[in-house]
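These notes concern the structure reproduced below.
The values are calculated or read from the model by the stated rules, or taken from the named source; none is laboratory data. No experiment lies behind these values; they were computed from the predicted model shown. Keep in mind that these areas ignore ligands, DNA and RNA; they rest on the heavy atoms of the full protein, side chains included. Shrake-Rupley method; radii C 1.70, N 1.55, O 1.52, S 1.80 Å.
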Amino acid sequence: MEILDLTHEITDGMPVYPGTEAPSLKQANTIEEHGFAEKLITMVSHTGTHMDAPAHIVAGRRTLSEIDINDLCGKGCLIDLRNVKGNITPEHLKPYETELKSAKIAVFWTGWDRFWGEEQYFADFPVMNEDAARFLISTGVKGVAVDVISMDSVDCFTLDIHKVLFNAELFVAENLKGLERLSGKDFDIGIFPLKIRQGDGSPIRAVAFLR
């Protein structure tokens, strides 16, 4: 079995959602001075490659600690959206309907991770419209993972697509990388967050297991 890491590193100065505090990584203890090394890490819960629990946006929906770990790992369906400009519609998803119905996690491959570290990363990336989100829900997947910074455009302050997905109790994973390595492959995908009690989200290690 080949295992692929789909995760951006957490570093000082890394890209973060506009208006969000950047992470801080400080050397709290060193081997030379204390006999062991430890870092003091300060960051918001949606830093880097991360997962949104439904409770991130919708009150009363599942938190991180309430999501079954079995929902976070399983068959993935890679959806090639590299040529989409603007909204992702149901027509973009319907060719994958049969595969989605047998999958646990939809994986949206836009190729936008090539702009990581650039201003372009935050603008004009493709996002689903509400009809596409409802179609995705109808397939029975447990969550969706994307290689863009958000399920909504950064100028959409109402977060409509997040709300549609979260009201249906799907989870979202954002800021994945390297999805081209999954093209043409059968794979399982794991979205592994920290188990934070009543957590709204967490940095994750996103991992693909090629069959």
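Size descriptors for the chain (Cα atoms only): Rg and Dmax, in that order, 17.2, 60 Å. Over the Cα atoms of the range 29-136, the radius of gyration divided by the Kirkwood radius equals 1.09; this is the Rg/Rh ratio. Computed over the Cα atoms of the range 1-79, pair by distinct pair, the Kirkwood hydrodynamic radius stands at 16.0 angstrom. Carbon-plus-sulfur accessible fraction, the chain (probe radius 1.4 Å, protein heavy atoms only): 49%. At a probe radius of 1.4 angstrom, the accessible area of the range 30-136 per residue rounds to 52 square angstrom.
For q = 0.16, 0.19, 0.22 Å⁻¹, what log10 I(q)/I(0) does the range 85-178 give under the Debye formula with an equal point scatterer on each alpha carbon and no solvent? For the requested q values the scattering log ratios are -0.61, -0.87, -1.16. All distinct Cα pairs of the range 78-124 go into the 1/r average, and the inverse of that average, the Kirkwood radius, is 12.0 Å.
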